[in-house]
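Accompanying notes for the structure given below.
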Amino acid sequence: MVGYCPICGKPVYFGEKKRSLGRDYHPLCLKCQKCNRQLTPGQHAEYDEKPYCTHCYLKMFGPRGILPSQYENTNTHTDQPHAISECLFSV
């Protein structure tokens, strides 16, 4: 049975699918909806049925008031893994 990609709506065939959070994605469709960083299955968060990298998810939908003020007003984001100092659990 062929599933459909929740991002582009096209069929996802067995040989190309990336299964994550109970859905089948095309490899190029499984990316953060904010920064477009490629994501790996199971290593991301989801909000309103859309995938986000952990950094963007926490910045947009996480608890407020616990990030250091130097990160609250920045729009910088790279494809590199995020620094440990940006992780909420290390503050």
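Taking the criterion of being touching a Cys at 6+ places or on another chain (Cβ under 9 Å), exposed (fewer than 14 other Cβ atoms within 10 Å of the Cβ) and either assigned to a loop (DSSP other than H, G, I, E, B) or at pLDDT 55 or above (or both), would at least one residue in the range 79-87 satisfy it? Yes, the range 79-87 contains at least one residue that is touching a Cys at 6+ places or on another chain (Cβ under 9 Å), exposed (fewer than 14 other Cβ atoms within 10 Å of the Cβ) and either assigned to a loop (DSSP other than H, G, I, E, B) or at pLDDT 55 or above (or both). When Lys50 is tested against (1) touching a strand residue (DSSP E or B) at 6+ places or on another chain (Cβ under 9 Å); (2) at pLDDT 85 or above; (3) of a type outside the set (Phe, Trp, Tyr), exactly one condition is not met: (1).
Check the range 55-67 and report whether any residue there is modelled with pLDDT of 55 or more, in contact with a Phe, Trp or Tyr (Cβ under 8 Å, 6 or more places away or on another chain), crowded, with 17+ Cβ neighbours inside 10 Å and in a loop (DSSP other than H, G, I, E, B). No, the range 55-67 contains no residue that is modelled with pLDDT of 55 or more, in contact with a Phe, Trp or Tyr (Cβ under 8 Å, 6 or more places away or on another chain), crowded, with 17+ Cβ neighbours inside 10 Å and in a loop (DSSP other than H, G, I, E, B).
The values are calculated or read from the model by the stated rules, or taken from the named source; none is laboratory data. Since we're looking at a predicted model, the values are computed, not measured. Every residue, glycine among them, receives a Cβ derived from its backbone with ideal geometry; neighbour counts consider all protein chains shown.
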